[in-house]
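What follows is one structure encoded as structure tokens, with my remarks underneath.
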């Protein structure tokens with residue numbers, strides 16, 4: 001079954017890895033959020049693309065939940081000794097990606113081309129597409145004014161209160177080559193919205209003109225996996241953001257956020273009662289073990305999502 | 001005694017370190033070759049400034065003769081895995097200097113300002129000045145055409161035959177702030193030409209308009225230390241270049257290269273016979289243990305040079 005999955009960083013990448021293990025490479029396309037991208041120390045950093053790349057290539061640091069396995073921090077120590085900006089951790093291995101990406105972009109390659117080159121070099125077959133080759137930058141609104149995403153997320157450790165979001169550049173952005181074709185493929189069997197942060201991982205993707213319409217126009221069922229389990233986010237600031245936005249911290253609220261876009265919704269087994277309520281309101285729901293600790297968990301959830309889509 | 005030393009990379013930095021140990025910080029200014037500078041992977045790399053910085057800050061890899069002590073190569077491995085250009089070795093520690101320098105230059109600082117900031121952060125008191133804040137690039141002429149310096153030196157391992165040199169940009173370059181003031185200081189006690197490669201370390205400095213004239217105009221004696229010992233270069237391609245240029249591979253030929261600029265010349269003790277010949281021809285010469293293996297060697301040679309200058 002041909003599948004397109006929309007994803008952000010860590011949580012999304014885990015399900016993407018599961019899908020990669022279940023589907024032949026040609027049947028899986030990932031559309032990855034680039035709203036987190038930023039320029040730091042002159043380097044173009046694409047955190048979500050890198051998380052997906054490290055995860056799919058088997059290079060991720062599973063224990064830590066971010067970054068690369070075997071990472072070292074010599075660069076950061078030396079940078080600190082020179083008085084350089086050190087709030088964003090750049091590992092020695094990770095740095096190679098940023099330096100080489102920046103070099104290729106400066107040489108005229110698009111972000112899509114660079115991404116394709118990297119995945120090919122690392123031997124990953126699935127098609128991984130940035131949502132856009134044009135800059136879209138997620139801005140976090142707070143009572144003290146707007147914050148660039150990484151300043152909010154890393155430098156300020158998600159501490160500022162969130163009042164809203166905007167996606168600078170989105171109005172002018174075009175979907176990256178291949179994105180609309182993947183969504184418009186008549187053989188597409190499902191569109192998966194990974195258990196990523198709806199506000200800052202999935203919404204930036206939806207903000208690229210044409211993308212939401214292409215999802216709506218597809219005959220393939222759209223299945224989201226809730227990133228909220230038992231009223232808490234598995235990882236990251238999703239639940240905190242919901243609270244600050246005055247939205248209930250529930251899987252239901254996530255489903256409501258995606259609204260009419262969804263054909264099906266997968267909640268964690270612990271949220272079975274919510275699933276029943278949602279089903280009663282007309283949204284096809286299912287429950288699964290959605291907290292992915294092992295590779296086996298990822299593969300099983302991926303299979304479950306695809307089976308659910310096949311029945312939708 | 002106030003001293004200005006002109007130097008390139010490894011050999012020059014060794015004597016510079018000796019001078020730093022002998023002189024109070026305010027009495028020592030180094031004018032460093034930037035003709036080796038180049039842009040690689042989008043990073044501004046200043047190999048000679050870095051060698052001087054690592055040497056003076058006690059960060060140099062003494063065994064290896066280049067780079068930093070405790071260096072690691074994680075970045076290079078990861079870069080190679082992505083298909084990146086890997087002919088120029090960039091250590092994880094070293095990289096911090098290139099990334100931060102590039103960032104500061106892009107933010108509008110001059111190379112002098114960046115250099116001053118780095119040395120201050122590392123606690124090195126001596127005044128270290130790039131020869132110019134403007135780009136001057138050493139070009140190696142070969143029978144197969146011109147080569148950028150690092151392509152000749154690193155990528156092609158000094159293998160191409162050298163037919164000449166040029167210093168692109170030198171006609172438009174201005175001496176960096178402080179260079180002419182240091183050379184024009186009425187209290188200056190000596191100008192030292194370190195045992196660096198005359199063709200590609202010292203000549204680029206001399207090619208900056210106004211610099212040679214300032215050296216000639218100074219009342220301070222100009223003392224060179226021969227980089228050729230017993231007909232061989234202590235390090236690097238100096239002797240090979242002399243052979244290819246049809247110049248005798250001798251300390252005498254080095255003295256002749258600097259010509260009327262010199263007030264004194266220091267040869268290695270093993271070249272005592274040559275020293276006698278040169279003295280007979282009217283150039284004040286002295287011999288010393290000029291192969292600097294230990295810090296003690298560096299300090300002793302520095303003292304010897306300053307004593308010789310005091311008597312000149």
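The values are calculated or read from the model by the stated rules, or taken from the named source; none is laboratory data. As the structure is a computational prediction, the values presented were derived from the model and not from experiment. Reconstructed Cβ throughout: ideal geometry from the backbone, glycine too, with neighbour counts over all protein chains shown.
When you look at residue A:282, is it within 24 Å of residue A:213 (Cα to Cα) and without any contact (Cβ under 8 Å) to a residue 24 or more places away in the chain, yes or no?
When the stated conditions are applied, residue A:282 passes them.
Among the residues of the stretch A:20-66, the ones that are within 14 Å of another protein chain (Cβ to nearest Cβ), part of a loop (DSSP other than H, G, I, E, B) and either touching a strand residue (DSSP E or B) at 6+ places or on another chain (Cβ under 8 Å) or farther than 17 Å from residue A:299 by Cα (or both) come to 5 in all. Criterion first (within 20 Å of the chain's Cα centre (by Cα) and either within 14 Å of another protein chain (Cβ to nearest Cβ) or modelled with pLDDT under 95 (or both)) does residue B:154 satisfy it? Taking the combined requirement at face value, the residue satisfies it.
Among the candidates A:223, A:205, A:266, which residue alone is at pLDDT 95 or above, under 16 Å from the mean Cα position of the chain (by Cα), crowded, with 23+ Cβ neighbours inside 10 Å and closer than 20 Å to residue A:309 by Cα?
Result: A:223 is the single residue among A:223, A:205, A:266 that is at pLDDT 95 or above, under 16 Å from the mean Cα position of the chain (by Cα), crowded, with 23+ Cβ neighbours inside 10 Å and closer than 20 Å to residue A:309 by Cα.
Checking each residue in the stretch A:150-169 for being outside any loop (DSSP other than H, G, I, E, B), in contact (Cβ under 8 Å) with a residue 60 or more places away in the chain and closer than 30 Å to residue A:263 by Cα picks out A:164, A:167. Listed by position, the helices (runs of 4 or more DSSP H) enclosed by the stretch B:72-145 that each have at least 2 residues that are within 21 Å of the chain's Cα centre (by Cα) and within 13 Å of chain A (Cβ to nearest Cβ) are B:92-106, B:111-121.
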